[in-house]
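Enquirer: My structure is below; once you've seen it, I'll send some questions.
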Amino acid sequence: MTDQTPQALNKVRICDFTGQLAGAGATKILAAFGAEVIRVEDPVHRGKWDILRGVPPWVGDARGLEAGGAFNNHNAGKLGVTLNLRDVRAKELLRELVAVSDAVTENFAAGVMERLGFGYEDLRQIREDIVYVSNNGFGATGPYTSFKSWGPIAQAVSGLTYTSGLPDLPPAGWGYSFMDHTGGYYMATAVLMALLHRRRTGEGQWVDLACIEAAGTLNGVATLDATVNQRSMRRQGMPNSNRSQSPRMAPHGIWPTEGHDNWIAIAVRDDREWKILSEIIGETWSRDDRWTRLETRLHDEDELERLLTTWTVNQNRHELAQELIDAGVPAAPVLKPQERIEFDQRTSELWVTVEHTEAGQSKVEGLPVRMSETPWSITRGAACLGEHNQYVFGEILGLGNAEIETLAEEGVI
Amino acid sequence: MTTTSPNSVLSGYRVIELASERCALAGKLMADMGAEVIVVEPPEGCKTRLWEPFADDVTDPENSLHWWHYNTSKKSVALDLDTDTDAQQFRSLIMTADVVIEAEPPGRLEALALDWEQFREINSELIWTSVTHHGRDGTDPPATDLTLLAEGGPAWSCGYDDHEIPPVRGGGNQAFHTACHYAVPSILAALMWREDSGRGQLIDVSLLNSSNATTEFATLWWLNGERQVERQTGRHALPTMTEWTQIQCADGRWFNTGVPPRNKREFQALRSWIEQLDLTKECPAYEILKLGDQFERIGLLELDEDPLAGEVFQAGRDAIEFLGQHLKAYDLFVGLQQRGMACGIVYSPDEMIEDPHFVERGFPQEILYETRNASHIHPGAPYRFSKTPWSTTRAPQLGEHQALLEDLA
């Protein structure tokens, strides 16, 4: 990519307090689209409010505060400054930074920004048309405002955990913070919508994003089945998220194959696809007429699944998936991390190499999107603590070198 | 094309969506924020109109709850793109559009001369968004939400400690959602750039890569150290097995214990709660909790180095499990959170929408179905904008807005 390649957000500056993944993931996307994201950290706690700073997995052989692999991934492409907001001089600098920023983003617990003196009303005093997006689990209003959350809690309370599992077993849930990723997507969307509105009307605003509400929109069909049909998800045989209820399909699930912890996903969408599969299976049971219609396959789904397992367990998952796909039946091996990252060529453009000032080169996740005129770009790893103090306080805010040195010596930055 | 109305973020933008379960959420997210989203269906209707469940269990293309959820606030026109007349109407429609969102198999629209290439010159401000399996230049293997989550990574991390049990697909069509969650900010960024440059562009979203970019530690542990995470019941898949975080409460409901208590204040709060409940004698962890007074905060490293720290830490976890055996999940949730401990009740989606907190915030959204003489509760806004709130109307009937095509002629 050349310097001439335009970036969609190259005129946007974000004053960014986000951390972890739910917040930092949002401003990473904005940075990849070209926004100047200035991440503000606390020098006293060395930025450790973000629990991913300086913890494993490590970037290469590096260790310590700047070597956290998750931190590096989620903060790639951003600038980093330090401000000790216990000091009035730091608060003044922050006011100056807000004044030249388009948006302020944060995912502290509700109320923290107000206590720091930078709630929405304070921010508006500094810049009337500021866009302010706050992101936490339960939101800024309501009886649970003080409640704490992180990804697995947001998933539990919203219904995402419940709807991921098999009958007569505990919830399997999501084996990672799906809702931190997704909360970040909604936060990026909120910032961009608010910026677009401001671009068109001159009006700024506050967006109160509660991750659990964003998550609560992600099982809409199940919710409507309860509100319209009074049929709760909490019923016999449910949830069974490896099966398909909308639309009804059978067989539809994940089956064991040859080897250790090897699995294949197969989705038979209609009777025609069952006929194809039954012929590939080629056993007496699979050719039984009783299975030719969806109604019967659904009625005796447990039995059908048991029979199917006796066959898949001797198959190679890659070969079988390919055979089914070639025949027109949706199928895929359950890919392990190495397989999808290193061996699946279709994902290769997603993994990008960045340069981190202290930790060196490493790979991070890019964006799963191509844009013809304004491609995203991620080339730099996360900023070291205060790495861009000179640029931000000097070049953007106009402080002299001596002044910056003094502020650093006195623990203000 | 763009006219500015201050009341909603995206008012004045016209979005044409080709009906598909793969991109329906992207159109919904824009429609609910004020864009005019016109979903183009085939004459017989989008296939998702025939997907269960149906309102009142009556099979009817106007009753599919899948259609209801994913198509709020949109308009519907029916066009048969394989006929010349309708294809011409589609062309006219695209000429009035700011954004197109489609998830057709690569090559289909090209064969009909209705692809990005046909419009980019004549509507240079157009933002064309394709959601495909793995790119417009890729093949289009038969795939569903399940197979995408399998090959895209999420399924590997989800399931149970017992690896004889299959990996689990998280419910709710999240592979399609995730691609839409990347499509929408990309469209918004493109609109921002168009405001300055006057130029549109092509956005090519990969379903496969969207899931690949949404697996958290499965990818991070591989990229940083080549370690493979292993799935674990109700908690993070990690390279090593960790302790449980999910318990079953007295009412049978599951509960996420969240971050275990680690400081003096939390140990004291647990103790006094057990005292209030008059359960000190029944609680084996109670006496050990008293030793928690010695710890301002137990660091994770201390757990290995200081046997007492480990014992107190375990007592905190045991005390929560004990409380769960005596309390309903909701009472444990509110009680622990009010005492400053992060945790969560495992709600079903329909229980979440009835929780008093989300009710007070106005999350449940009543939508009028004048056709049924009724209102129904939908999940509400994913974010609340102070000046330009989300708002929504029922999904359209098939071809309900066909008349708007007449204005194009």
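The values are calculated or read from the model by the stated rules, or taken from the named source; none is laboratory data. Bear in mind the structure is a predicted one, so any value in this text is a computation, not a measurement. Note that we place each Cβ from the backbone using ideal geometry, even for glycine, and neighbour counts take in every protein chain shown. Just the protein is used for accessible areas: all its heavy atoms, side chains included, with ligands, DNA and RNA removed. Shrake-Rupley method; radii C 1.70, N 1.55, O 1.52, S 1.80 Å.
Enquirer: Per residue of B:360-371, what is the mean number of Cβ atoms on other protein chains within 10 angstrom of that residue's Cβ?
Expert: Counting Cβ atoms of other protein chains within 10 Å of each residue's Cβ and averaging gives 3.
Enquirer: Per Stokes-Einstein, at 25 °C and 0.890 mPa s, what whole-number D in µm² s⁻¹ belongs to the stretch A:244-340, with the Kirkwood radius over Cα pairs as the hydrodynamic radius?
Expert: The Stokes-Einstein estimate is 182 µm²/s.
Enquirer: Here's something else I'd like to know. At a Cα cut-off below 24 Å, give the lysines reachable from residue A:91, other chains included and same-chain residues fewer than 8 away excluded.
Expert: Leaving aside lysines fewer than 8 places away in the same chain, those within reach of residue A:91 are A:48, A:78.
Enquirer: Can you give the mean number of other chain Cβ atoms that lie within 10 Å of the Cβ atoms in peptide B:20-26?
Expert: For peptide B:20-26, the averaged partner shielding equals 1.
Enquirer: Now for a different question. Separation between the residue A:232 and residue B:85 pseudo-spin-labels, each 7 Å from Cα along Cα→Cβ, expressed in nm?
Expert: The answer from the label model is 5.2 nm.
Enquirer: Moving to a separate point now. Over all Cα pairs of the protein assembly as shown, how is the pair count split among 10 Å bins, expressed in % and running from 0 up to the last occupied bin?
Expert: In whole percents, the pair-distance histogram is 2, 13, 23, 27, 20, 10, 3, 1, 0.
Enquirer: Which lysines have a Cα less than 18 Å from the Cα of residue B:281, not counting those fewer than 8 places away in the same chain?
Expert: Correct list for residue B:281: B:290.
Enquirer: If you plug each phi of the stretch B:89-106 into the Karplus form 6.51 cos²θ - 1.76 cosθ + 1.60 with θ = phi - 60°, what whole-Hz ³J(HN,Hα) values come out, in order, with x for Gly and Pro?
Expert: Computed from phi, the couplings for the stretch B:89-106 are 5, 4, 4, 4, 5, 4, 5, 9, 8, 8, 9, 10, 10, 9, 9, 6, x, x Hz.
Enquirer: How are the alpha carbon pair distances in chain B distributed across 20 Å bins from zero to the largest one, expressed in percent?
Expert: Percent of Cα pairs in each bin: 22, 46, 26, 6, 0.
Enquirer: Could you order the peptides A:222-228, B:227-233, A:277-283 from most to least packed, using the average number of other C-beta atoms within 10 Å per residue?
Expert: Averaged packing, sorted descending, gives the order A:222-228, B:227-233, A:277-283.
Enquirer: Counting only DSSP beta bridges with both residues in chain A, what percent are antiparallel, rounded to the nearest 5?
Expert: Counting only bridges with both partners in chain A, antiparallel ones make up about 45 percent.
Enquirer: Same structure again: Would you grab the residues whose amide H sits under 5 Å from the one on residue B:129? Only those 5+ places off in sequence or on another chain, please, with H modelled 1.01 Å from N.
Expert: Residues meeting the criterion, in which the H sits 1.01 Å from N, are B:100, B:101, B:102, B:203.
Enquirer: Return the subset of A:363/B:264; A:28/B:328; B:75/B:387; B:47/B:328; B:28/B:328 for which the Cα-Cα distance in this structure is over 32 Å, preserving the input order.
Expert: A:363/B:264; A:28/B:328; B:47/B:328; B:28/B:328
Enquirer: Same structure, new question: Along the stretch B:35-44, what does the Karplus equation 6.51 cos²θ - 1.76 cosθ + 1.60 (θ = phi - 60°) give for ³J(HN,Hα), rounded to whole Hz, x for Gly and Pro?
Expert: These are the phi-based 3J(HN,Hα) values: 5, 7, 9, 9, 8, 9, 10, x, x, 7 Hz.
Enquirer: While we're here: Which value, in square angstrom to the nearest 100, describes the accessible area buried between chains B and A on both sides, using a 1.4 angstrom probe?
Expert: Chains B and A together bury roughly 12900 Å² of accessible area.
Enquirer: For labels at residue B:408 and residue A:44 in the simple 7 Å Cα→Cβ model, what's the distance in nm?
Expert: Reported label-point gap for residue B:408 and residue A:44 is 6.2 nm.
Enquirer: By per-residue mean of other Cβ atoms within 10 Å, what is the highest-first order of B:44-55, A:21-32?
Expert: A:21-32, B:44-55
Enquirer: Also, I was wondering about something else. How are the C-alpha pair distances of the stretch A:81-154 spread across 5 Å bins, as whole percents from the shortest bin up?
Expert: Whole-percent P(r) values from 0 Å outward: 3, 15, 24, 23, 16, 12, 6, 1.
Enquirer: In whole percent, and with a 1.4 Å probe on the protein chains, what portion of the accessible area of the protein assembly as shown is carbon and sulfur?
Expert: 48
Enquirer: For the stretch A:304-315, what does the Karplus curve 6.51 cos²θ - 1.76 cosθ + 1.60, with θ = phi - 60°, yield as ³J(HN,Hα) per residue in whole Hz, taken in order and with x for Gly and Pro?
Expert: 4, 5, 5, 5, 4, 4, 4, 8, 4, 5, 9, 9
Enquirer: Once you place label points 7 Å from the Cα toward the Cβ at residue A:348 and residue B:278, how far apart are they in nm?
Expert: 7.2
Enquirer: With all distinct Cα pairs included, what does the Kirkwood hydrodynamic radius of the stretch B:231-377 come out to in Å, to one decimal, could you say?
Expert: Taking every pair of different Cα atoms in the stretch B:231-377, averaging 1/r and inverting gives 17.2 Å.
Enquirer: Which residues, if any, in the stretch B:244-287 have at least 30 Å² less accessible area in the whole protein complex than in the isolated chain, probe 1.4 Å?
Expert: B:246, B:254, B:256
Enquirer: Starting with the highest mean, order A:352-360, B:299-307, A:259-267 by the number of other Cβ atoms within 10 Å, averaged over the residues of each peptide.
Expert: Result, highest mean Cβ count within 10 Å first: A:259-267, A:352-360, B:299-307.
Enquirer: Where only protein heavy atoms count, and the probe is 1.4 Å, what is the accessible area per residue for the stretch A:244-340 in Å²?
Expert: With the other protein chains kept in place, the stretch A:244-340 gives 44 Å² per residue.
Enquirer: Also, quick follow-up: Work out, step by step, the length gained on full extension between residue A:258 and residue A:128: first 0.36 nm times the residue separation, then minus their alpha carbon distance; give nm to one decimal.
Expert: So the extension gain works out to 40.5 nm.
Enquirer: Per q in 0.07, 0.08, 0.10, 0.13 Å⁻¹, report the Debye log10 I(q)/I(0) for chain A, using one uniform scatterer on each alpha carbon and no solvent.
Expert: Taking Cα atoms of chain A as identical point scatterers yields -0.44, -0.56, -0.81, -1.15.
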